[in-house]
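*Asks:* What follows is a single structure, and I will ask about it in a moment.
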Amino acid sequence: MATALTPPPPRTRREQQRLATREQLFELAIDEFRRVGTAKARIRDIVEAAGVVPGTFYFHFPSKEHVVFELWRRSSQQLVAQLPAIDRDPPPRAEHYLRSLGDAMIDIEQQIGDSALVRDAIASVLRPPEGADPSTFAVGDAIVALLTGALERGEIASELGPPELASVLLTSILGVLVAAPADSTARRRELRRIIDFFLKALQPT
């Protein structure tokens, strides 16, 4: 029986090749989205660059929107990695964590490096493509864990549970990012404004 200390079995060569092809298609698709925009990008051009047939693309990604969804899923993991660990002792305060979250989101956007692609990625979260699972976003789990601890410690108070609060906050944050000006300073300011409003609403009476 495998234990936590048992290393995972090595991937077969076929599995390694499958993952390498998926990664190549993902990177080529993102490059093409940056070059011409997601809407104008053609699957034909992406698969030609990869040297594969169109069916290979659709095996890994049912649509261009699924590629964009994957981009934000990966960005979500990177985002959480930049934030304080929820399970550290003592745990981060909700106020500090959420304000850091806002700043980290702008940093991730700048790493993506294309404002139109960022908007497409956010739209894919608000309206996930068919079959995509939004529960795979690491930032959602992190915020639920943060709010659970903050409620237990009395830092915040709400009649809503942590999952509902996290959903309200993330929807508000993503809505701000869709509507805010392209300037990163203005976007950072708008995020801080909505996060401060959220924190004020949750102050214990």
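The values are calculated or read from the model by the stated rules, or taken from the named source; none is laboratory data. Computed from a prediction, not measured in an experiment: that's the story for all the values here. Glycine gets a Cβ as well: all are built from the backbone with ideal geometry, and neighbour counts include every protein chain shown. Ligands, DNA and RNA are excluded from the accessible area calculation, which covers all protein heavy atoms including side chains. Shrake-Rupley method; radii C 1.70, N 1.55, O 1.52, S 1.80 Å.
*Asks:* Among the residues of the range 57-70, write down those that are under 18 Å from residue 125 (Cβ atoms) and open to solvent by less than 20 Å² (accessible area, probe 1.4 Å).
*Replies:* The initial filter retains those residues of the range 57-70 that are under 18 Å from residue 125 (Cβ atoms), namely 61-70.
Result: 61, 67, 68, 69, 70.
*Asks:* Right, another one. In this structure, does residue 201 turn out to be over 23 Å from residue 138 (Cβ atoms) and modelled with pLDDT under 90?
*Replies:* On the way: over 23 Å from residue 138 (Cβ atoms): yes; modelled with pLDDT under 90: no.
For residue 201, the condition - over 23 Å from residue 138 (Cβ atoms) and modelled with pLDDT under 90 - is not met.
*Asks:* From the list 11, 74, 18, exactly one residue is basic (Lys, Arg), more than 30 Å from residue 203 (Cα to Cα) and modelled with pLDDT under 90. Which is it? Please lay out each step first, then the result.
*Replies:* Values: 74 fails: modelled with pLDDT under 90; 18 fails: modelled with pLDDT under 90.
When all the criteria are applied, what remains is 11.
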